[in-house]
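Peer 1: Quick one: this structure, given as C-alpha cells, is what I'll be asking you about.
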Amino acid sequence: MEKLNLSNVVYSRRDIEKGIVIPEVLTPKLSEDIGIHLGDGSLYLAGSCKTFEFIYSGHIDEKSHMTHIMNLKRELYNIQKGTLRQKGNELRLRIYSFALANFYTKVIGLPIGTKKDICVPNIIMVSNNKEIIAGFLRGLIDTDFSLIIRKRSNGPYPSLQGDFSSKNLIIDLQKLFIKLNIQNSILLDIKRYDKRSSKTYISHTISIHGFKRVTKWLEIIGYNNKKKFKKKVGLAGFEPSTSGWLRYS
C-alpha cells in the first residue's frame, strides 16, 4: 500500500485529547472513505473559533449506511463520537477535527466548501491497485449513484448511473472504471431546466448499462449502502453469491 506524507498534518489540542489518529498508508477502506466524502460529505470552517466541521447527510431509510460511515471514521481515525440528528426525512452526521481537515485538504487534496468543479484526488487517479480504485468507487456509488431498472420486452434492463455538476469528475470516473475493465458511457453538458428555480443547469452523466456490465460492478466493486441498492438488485434477479457479492442468476 502507498505510504502517505503526513508532514503537513497538524493536530489541535482537542484532537490529541480525543486520541485522533491519521492513517499513514492508503488502504481500500481509506479510499472508500474518500469516495464517500467526495460524494456526500462537506467540509466547512465553522464558528468564530474556526472549527472544521464535517457534514454527511442521507435519507432516514439509509440509517444503516450512516452507521457504516460512523464505523469507518472510528476505524480509520479513532473518531469515537459524531453527532447524528434527524430533521424530517434527513439524517445528518457532524464530525469535528482539525487534524482530519488538514489530512483531507493537504494530503488527499479535497476542498473546503464547494465541490462544484472537483476531480478525483490524484492519489486515487495514479493508483493501479484495483482494490484502492474499487474502494473509492464503492464509497462514491453508495452516496451519489442510482440503480435504474427499466422494463423491456425481453425483461428488466439495469443501469447504474451517476449525475454530477463537474465535467472533470465524470472524465476521471470513466478512466477509473476502465482500469477495472468495466465498460461505461458518459454524456457531457446536459441542460436541465428546474421549474422550481426557473433556471437551467448543466450536468454530466456516467452510466453502466446492461446485466453483464452491472454484474461486473457488483462483483468487482459492490456496495455497502444496502437499503439503497438491495431491493432493486433483487428485483432484477440478483442473488447472494458465496463470495459475498451479488450477481445475476
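Peer 1: Rounding to the nearest 10 and keeping the result within 0 to 90°, find how far the Cα-based axis of helix 167-179 lies from the longest principal axis of the chain.
Peer 2: Result, in degrees: 70.
Peer 1: With angles folded into 0 to 90 degrees, how steeply does helix 28-40 sit against the dominant principal axis of the chain? Use alpha carbons for both and round to 10.
Peer 2: Relative to the chain, helix 28-40 is tipped by roughly 80 degrees.
Peer 1: For the chain, give the magnitude of the charge dipole about the Cα centre (Cβ charges: +1 Lys/Arg, -1 Asp/Glu; no others), in debye to the nearest 20.
Peer 2: Charge dipole, the chain, about its Cα centre: 760 debye, nearest 20.
Peer 1: Over the chain, how many percent of alpha carbon pairs lie in each 10 Å bin up to the one with the longest distance?
Peer 2: The percentages, shortest bin first, are 7, 29, 36, 22, 6, 1, 0.
Peer 1: Same structure again: Taking the Cα centre of segment 35-74 as the origin and placing charges on Cβ (Lys, Arg +1; Asp, Glu -1), which of 45, 65, 35 is farthest toward the positive end of the dipole?
Peer 2: Going by the Cα projections, it comes out as 45.
Peer 1: In addition: Along the charge dipole of the chain, Cβ charges K/R +1 and D/E -1, which of 91, 7, 137 sits furthest on the positive end?
Peer 2: The listed residue farthest towards the positive side: 91.
Peer 1: Cα axis of helix 226-235 to longest principal axis of the chain: angle in degrees, 0 to 90, nearest 10?
Peer 2: Result, in degrees: 10.
Peer 1: At 0.36 nm per residue, minus the direct Cα-Cα distance, what do residue 130 and residue 53 gain on full extension? Give it in nm, one decimal, please.
Peer 2: Working it through step by step, the gained length comes to 24.6 nm.
Peer 1: Straight-line reach from residue 216: which lysines have a Cα under 22 Å away, not including same-chain ones fewer than 8 places off?
Peer 2: Leaving aside lysines fewer than 8 places away in the same chain, those within reach of residue 216 are 29, 130, 151, 175, 179, 226, 227, 228, 230, 231, 232.
Peer 1: What are the principal axis extents of the Cα atoms in segment 54-162, in Å, biggest first?
Peer 2: Per principal axis, max minus min of the Cα coordinates gives 55, 40, 27 Å.
Peer 1: Right, here's the next one. Of the GluC sites (Glu not before Pro) in segment 8-52, which ones lie in a loop per DSSP and count no more than 15 other C-beta atoms within 10 Å?
Peer 2: 24
Peer 1: Can I ask one more? Can you pull the semi-axes for segment 57-116, root of five times each eigenvalue of the Cα gyration tensor, sorted largest first, whole Å?
Peer 2: With the √(5λ) rule applied to segment 57-116, the semi-axes are 22, 15, 10 Å.
Peer 1: State the percent of C-alpha pairs, over all pairs in segment 130-248, separated by a distance greater than 16 angstrom.
Peer 2: Summing the P(r) tail past 16 Å for segment 130-248 gives 62 percent.
Peer 1: Further, regarding this structure: Computed FRET efficiency, Cβ-Cβ of residue 80 and residue 154, R0 51 Å: what is it to the nearest 0.05?
Peer 2: Computed FRET efficiency for residue 80 and residue 154: 0.50.
Peer 1: Beyond 19 Å, what percent of the Cα pairs of segment 1-98 remain?
Peer 2: Tail fraction, whole percent: 45.
Peer 1: Residues of segment 140-154 with amide nitrogen under 19 Å from the 7 Å Cα-to-Cβ point of residue 194?
Peer 2: 144-146
Peer 1: Sort 169, 218 by Cβ crowding within 10 Å, fewest neighbours at the top.
Peer 2: 218, 169
Peer 1: With an 8 Å Cα cut-off and a minimum separation of 6 or more residues, compute the relative contact order for segment 38-122 in percent.
Peer 2: Answer for segment 38-122 is 32 percent.
Peer 1: About the Cα centre of segment 46-188, what is the dipole size in debye to 20, counting +1 per Lys and Arg Cβ and -1 per Asp and Glu Cβ, all else neutral?
Peer 2: Its charge dipole is roughly 120 debye.
Peer 1: Under a GNM of the chain (C-alpha, springs under 10 Å), which listed residue has the highest mean-square fluctuation: 18, 167, 151?
Peer 2: Looking only at 18, 167, 151, the biggest GNM fluctuation is shown by 151.
Peer 1: On to the next question. For the chain, what's the relative contact order in percent, using C-alpha pairs closer than 8 Å and at least 6 residues apart?
Peer 2: Dividing the mean separation by the residue count of the chain yields 19 percent.
FYI, it's all coordinate maths here, none of it is from the lab. Computed from a prediction, not measured in an experiment: that's the story for all the values here. Cβ: placed from backbone, ideal geometry, glycine included. Neighbour counts: every protein chain shown.
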